[in-house]
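J.: Okay, here's the structure, questions in a sec.
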Amino acid sequence: MRSLANAPLQLLRNLGAVLLLFTALRWVFFFTYRNSFPDPEASTFLWLTIQGLRFDAMTIVIANGPWILLSLLPIPWSGNGKWRSALRILFLAVNTGLLAVCCLDLPYYGFNGKRLTSDVLGQAGAGLRELPTMLVRYWWAALVFVITVVLLVRSTRTKAVQANGPWITRTGMFIGSLVVLFFVGRGGWQYQGLSPAHANDHVGPVWAPLVTNSAFTLGYSLTEPPLRARNWFTDAELDHMMPLRYEIRGDVQVNKPNVVLLIVESMGREYLGSLNGNRGYFPFVDSLCAHALVLSNAYANAERSNKSMCAILAGIPSFTDDAFMNTAYAGDAVEGLGSRMKEIGYSTAFFHGGINGEYKFDSFTKACGFDRYFGKDEFGDDAFYDDHWGIYDEEFLQWSADRINELPQPFCSAMFTLSSHDPFVIPERYKGKFPSAGSDIHESLGYTDMSLRRFFAKAQQQPWFANTVFVLTGDHTFQYNDHPVRYTNPAGRFSVPIIFYAPDGRFSGSDDRVAQHLDIVPSVLDMVGYQGTIKSFGQSVFKRDRPNRAYIQLGGQYRFIEDDHLLLFAGERATGLYDYSSDTACARDLRSSDPERAASMSRTIQAAIQRHAEALLRNEMVSR
């Protein structure tokens, strides 16, 4: 009987070695992002480890399913040397892949603030191009990967054993082992198998990224549809709670203003000195803020550039893990800013110095009604190529100002900078010229700010400048490095400025009510005198005729901001409620003390989720 159990025991030994490596990587992850988590007590540390084992064991058993099956099958040649060698190669290949995914996410989590999901596949081209740079920049993650693989090989190289005994007994052992592994592979005997949302069941939302693992979240996202039709509310209830049609009756203007929408890479609110009472890294933008309307409590709707672009230019909430242009719904008609502006006589253009075709910006901006696209190819001089993402901001913005001169007025142009994107390459002549505070991004932010100052200086000399409205915002925030507590909580993680500036002084002051990227399209249309109906999840910030809200989804968790409160929602229920304005660390969960607000906000975010799914599934994002 002992020899009969040898094969299953060796199988468990090998799987256990992988499980220990996953646990070790969990705590490497924790110490890498130490500032994103509270200080765990010893009991918390143990509980997180235990809960994490469920997700790890499920991931390992599912990924190793073929190997497990082949290892336990009661076949005559199960002890053959070549057969056992082939099984070992399969085992090492599968688990090296799992470890690679987990180690890849050690640095990548810092960009997205979520565990890895299938949307990473849409960035494979840029990722492969930047791989050498990333291996150097994040050498420690590569080292962790090598160490884990070496440990995997060394801990599982014991001599293979063969299960002996009658065929019927071996078959019974085979079936019994599969039953046990079945329950492990679904994460337990609960009604439904584990999903990322289950991470909130036994730990607070702040710990959820630590309890799951990147191989699990990637695998889960590959098997789940990006959208599911919901039936929480009837059509009548949904029209009342979350109306999509939005009437705009802007003041008719004889001399319509030009519009320049400047989307600045990684310009989080924390980097503007005028909004934080410090020096900051955008002195020129701060000087504009003194003569502009500043939405000081505004939020990006997504964690990444291509997803944010969908919200800024087309008013599409970021409720899918991947950007809209990478989903099966990319063929849907969109409520593009350029399309609506063309209805009232505007010419349109989009400027981005990046590699043409990357992230599908050119295709998506066309769908949004921007007729002309100016990218790296149109710039046409690789002497100013940064060898990573595209043309340096300074030269590209100067060149863009000349191209804007060629547009018929009134025009609506959108411009997206890139030099403050990791790895934050700036021209050699500017190294050491801008404040860095020990961080590469800070120096690149100073460089981008200087590039914007030079762009405005050139624009001031053009005849169109005096009748132009400039709208500035950051595409998203940047999560590496240390940040003030306000910018590490689930709301502040997405805090960006939205600024309206006009040379004639028509805008001024600061508005600290909640705003979001989804408000930009209706606000610009209202500002230029558009008359008509669009479909929008946002509102005009000049009218404020809807509740002041922001909708965010990150890694399956929804973050719903309404006035001073933040609701966290995952799966089918609220997982946290905070007064983020007074409780900046979001340490006091108000669900039990304010159940009415928790229930009301839960229904609202459910209505938004259902409305978004219906709009995309039915191709109803555009008012026809």
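The values are calculated or read from the model by the stated rules, or taken from the named source; none is laboratory data. Source: prediction; values computed, not measured. Using ideal geometry, Cβ is built from the backbone for each residue, glycine included, and neighbour counts are taken over all protein chains shown. Please note that ligands, DNA and RNA were not included when accessible areas were found on the heavy atoms of the full protein model with its side chains. Shrake-Rupley method; radii C 1.70, N 1.55, O 1.52, S 1.80 Å.
J.: Step by step: first the residues of the stretch 123-152, then only those that are small (G, A, S) and over 26 Å from F324 (Cβ atoms), then the one that is least open to solvent (accessible area, probe 1.4 Å). Which residue is that?
T.: Ranking the candidates gives A141 first.
Rundown of residues vs (1) at pLDDT 90 or above; (2) open to solvent by less than 20 Å² (accessible area, probe 1.4 Å), yes/no style:
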residue	(1), (2)
D321	no, no
D332	no, no
L337	yes, yes
K342	yes, no
G353	yes, yes
G357	no, no
K360	no, no
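J.: Could you please tell me which pairs satisfy a Cβ distance under 7 Å, a separation of 6+ or placement on different chains, a first residue in the stretch 292-303 that is touching a residue at least 12 places away in the same chain (Cβ under 8 Å), and a second residue that is acidic (D, E) and open to solvent by 10 Å² or more (accessible area, probe 1.4 Å)?
T.: Close Cβ pairs (under 7 Å, with a partner that is acidic (D, E) and open to solvent by 10 Å² or more (accessible area, probe 1.4 Å)) amount to L293/D511; L295/D511; S296/D511; S296/D512; N297/D512.
J.: Testing Y373 on (1) open to solvent by less than 40 Å² (accessible area, probe 1.4 Å); (2) under 23 Å from F284 (Cα atoms); (3) free of Cβ contacts under 8 Å to residues at least 40 places away in the same chain, one condition comes back false. Which one is that?
T.: So Y373 meets the others, but not (2).
Rundown of residues vs (1) touching a strand residue (DSSP E or B) at 6+ places or on another chain (Cβ under 9 Å); (2) modelled with pLDDT under 80; (3) open to solvent by less than 70 Å² (accessible area, probe 1.4 Å); (4) in a loop (DSSP other than H, G, I, E, B), yes/no style:
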position	(1), (2), (3), (4)
A86	no, no, yes, no
L121	no, yes, no, no
Q162	no, yes, no, yes
S177	no, yes, yes, no
Y191	no, yes, no, yes
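J.: Just give me the residues in the stretch 428-473 being closer than 25 Å to S305 by Cα, open to solvent by 50 Å² or more (accessible area, probe 1.4 Å) and either of a type in the set (S, T, N, Q) or modelled with pLDDT of 95 or more (or both), in sequence order.
T.: Answer for the stretch 428-473, where residues must be closer than 25 Å to S305 by Cα, open to solvent by 50 Å² or more (accessible area, probe 1.4 Å) and either of a type in the set (S, T, N, Q) or modelled with pLDDT of 95 or more (or both): R453, R454.
Every residue, every condition in (1) on the phi > 0 side of the Ramachandran plot; (2) in contact (Cβ under 8 Å) with a residue 12 or more places away in the chain; (3) among the charged types (D, E, K, R), yes or no:
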residue: Y385; (1), (2), (3): no, no, no
residue: P410; (1), (2), (3): no, yes, no
residue: S419; (1), (2), (3): no, yes, no
residue: D422; (1), (2), (3): no, yes, yes
residue: Y430; (1), (2), (3): no, yes, no
residue: K433; (1), (2), (3): no, yes, yes
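J.: Could you please give the count of residues in the stretch 215-258 that are modelled with pLDDT under 90, crowded, with 20+ Cβ neighbours inside 10 Å and polar (S, T, N, Q)?
T.: The number of residues fulfilling the criteria is 2.
J.: What about L72, is it touching a Pro at 6+ places or on another chain (Cβ under 8 Å) and either under 30 Å from S420 (Cβ atoms) or open to solvent by less than 50 Å² (accessible area, probe 1.4 Å) (or both)?
T.: Taking the combined requirement at face value, the residue satisfies it.
J.: Follow-up. How many of the residues in the stretch 288-319 are among the polar types (S, T, N, Q), at pLDDT below 95 and open to solvent by 10 Å² or more (accessible area, probe 1.4 Å)?
T.: 1
J.: Then there's this: May I ask you to verify whether F55 is surrounded by 17 or more Cβ atoms within 10 Å (Cβ to Cβ) and in contact with a His (Cβ under 9 Å, 6 or more places away or on another chain)?
T.: So F55 fits the description; yes.
J.: Find all pairs meeting these conditions: Cβ atoms under 7 angstrom apart; at least six residues apart or on different chains; first residue within the stretch 11-24 and under 15 Å from I147 (Cα atoms); second residue of a type in the set (G, A, S) and outside any helix (DSSP H, G or I).
T.: none
J.: Okay, next question. Quick check: is even one residue across the stretch 27-41 of a type in the set (A, V, I, L, M), open to solvent by less than 60 Å² (accessible area, probe 1.4 Å), at negative phi and part of a helix (DSSP H, G or I)?
T.: yes
J.: Same structure, new question: Is it true that some residue in the stretch 461-478 is assigned to a loop (DSSP other than H, G, I, E, B), under 30 Å from N297 (Cα atoms), in contact (Cβ under 8 Å) with a residue 60 or more places away in the chain and touching a strand residue (DSSP E or B) at 6+ places or on another chain (Cβ under 9 Å)?
T.: yes
J.: Name the one entry in G204, G273 that is within 28 Å of C586 (Cα to Cα), surrounded by fewer than 22 Cβ atoms within 10 Å (Cβ to Cβ), modelled with pLDDT of 90 or more and touching a Pro at 6+ places or on another chain (Cβ under 9 Å).
T.: Going through G204, G273 in turn, the sole match is G273.
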